[in-house]
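Everything below concerns the one structure shown next.
The values are calculated or read from the model by the stated rules, or taken from the named source; none is laboratory data. Because the structure is predicted, anything quoted here is derived from the model rather than measured. Here the Cβ positions follow ideal geometry from the backbone for every residue, glycine too, while neighbour counts run over all protein chains shown. All accessible areas refer to the heavy atoms of the entire protein, side chains included, with ligands and DNA or RNA removed. Shrake-Rupley method; radii C 1.70, N 1.55, O 1.52, S 1.80 Å.
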Amino acid sequence: MEKRSRSFYVLAAFFAVFLVFLYGPTITIAILSFQGPQGGLTFPMRGVSLHWFHDLFEQQAVGDIWGSFSRSLTLGLMVMVTTVVVSVMGGLAFRKRFPGSGAIFYLIITSLVIPSILVSLGVGLIFSQSGLAVHWSTSGFGAQLTWTLPFGLLIMFAVFNRFDKSYEEAARDQGASAWQTVRYVVLPIIAPMLIGVALFGFTLSYDEFARTLLTAGSYNTLPLEIYGMTTNVTTPVIFALGTLTTAFSFGIIGLFLAIVVILNKRRSRHGSDAGKGMV
């Protein structure tokens with residue numbers, strides 16, 4: 001058996017410390033969410049129970065937990081769909097150079113380096129000064145797209161830079177129109193990457209705080225609601241909420257990964273079937 005070098009153990013220890021730093025707070029909150037009815041926000045725990053999870057589904061004296069969750073979920077789906085559609089269209093458009101393409105590219109990327117709170121302030125001011133309602137579904141939606149679209153476009157640029165154009169040429173040789181080529185050739189091939197863009201769009205929107213702070217209007221999204229609860233909720237119910245939302249996030253990630261696996265299996269099956277047919 002090959003002996004490990006000292007650097008291996010040093011790097012392994014560093015990686016372990018990094019994992020503790022990354023997931024330690026989440027695990028701590030999850031543990032404290034199972035406090036007994038008399039439990040507080042810190043250790044030591046006073047019993048173990050599901051009391052605070054049950055309390056989440058009771059009428060809350062403060063906050064609008066489930067309303068804010070539904071708004072975040074709806075907004076996340078809106079941002080996800082828009083990010084996927086615009087990213088694919090942008091990726092297709094940038095496959096060929098056109099006048100001003102370089103400037104447009106850098107303008108898109110610039111939104112990633114502008115402080116998020118300034119974007120939120122700017123979008124909120126534009127809506128209010130224009131006489132438009134500042135609302136999570138309008139100004140909040142636009143502010144979040146300035147965050148998700150650059151990521152989606154960068155992914156699509158990378159995908160189409162590696163895309164083999166011979167597939168499209170073969171489809172056109174068979175008489176397929178431009179739309180048929182995109183629908184039946186391009187989209188099925190890049191489908192796993194589209195799932196990745198969708199996951200990026202949804203998760204970035206779902207937990208976005210800064211760009212929603214001044215653009216959500218009178219109704220909070222879930223991150224804003226949780227932030228508000230930290231100032232007036234002194235029971236582990238906030239930890240229970242954090243545990244449930246974290247579990248929901250992992251569930252969404254698992255769902256998207258399952259879809260990618262299914263798509264890859266279908267593609268492999270179709271490829272093997274095509275190979276048998278040629279034989």
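Quick notes on this structure:
- Any chance Leu194 is part of a helix (DSSP H, G or I), in contact with a helix residue (DSSP H, G or I) (Cβ under 7 Å, 6 or more places away or on another chain), open to solvent by less than 40 Å² (accessible area, probe 1.4 Å) and under 30 Å from Leu121 (Cβ atoms): no
- Some residue of region 37-46 being of a type in the set (D, E, K, R) and at pLDDT 90 or above: no
- Looking at Gly76, Gly67, Gly47, just one residue is at positive phi and small (Gly, Ala, Ser), and that residue is Gly47.
- Scan of region 105-162 for residues that are in contact (Cβ under 8 Å) with a residue 40 or more places away in the chain, in a helix (DSSP H, G or I), open to solvent by less than 50 Å² (accessible area, probe 1.4 Å) and over 30 Å from Leu187 (Cα atoms), ordered by number: Ser116, Val119, Ser120, Val123, Gly124, Phe127, Ser139
- Checking Phe53, Phe34, Phe57 one by one, the residue that is under 17 Å from Pro236 (Cα atoms), among the hydrophobic types (A, V, I, L, M, F, W, C) and touching a strand residue (DSSP E or B) at 6+ places or on another chain (Cβ under 8 Å) is Phe34 and no other.
- Qualifying residue in region 229-237 (condition: in contact with a strand residue (DSSP E or B) (Cβ under 6 Å, 6 or more places away or on another chain) and open to solvent by less than 40 Å² (accessible area, probe 1.4 Å)): yes
- Meets criteria (in a helix (DSSP H, G or I), open to solvent by 50 Å² or more (accessible area, probe 1.4 Å) and closer than 30 Å to Asn161 by Cα) for Val81: yes
- With respect to (1) under 19 Å from the mean Cα position of the chain (by Cα); (2) modelled with pLDDT of 90 or more; (3) among the aliphatic types (A, V, I, L, M); (4) open to solvent by 20 Å² or more (accessible area, probe 1.4 Å), the lone exception for Leu214 is condition (1).
- Here Leu224 meets each of (1) open to solvent by 20 Å² or more (accessible area, probe 1.4 Å); (2) within 17 Å of Leu73 (Cβ to Cβ); (3) more than 12 Å from the chain's Cα centre (by Cα) with one exception, condition (1).
- Hey, Glu208 of a type outside the set (S, T, N, Q), buried (at least 16 other Cβ atoms within 10 Å of the Cβ) and under 21 Å from Ser139 (Cβ atoms) or not: yes
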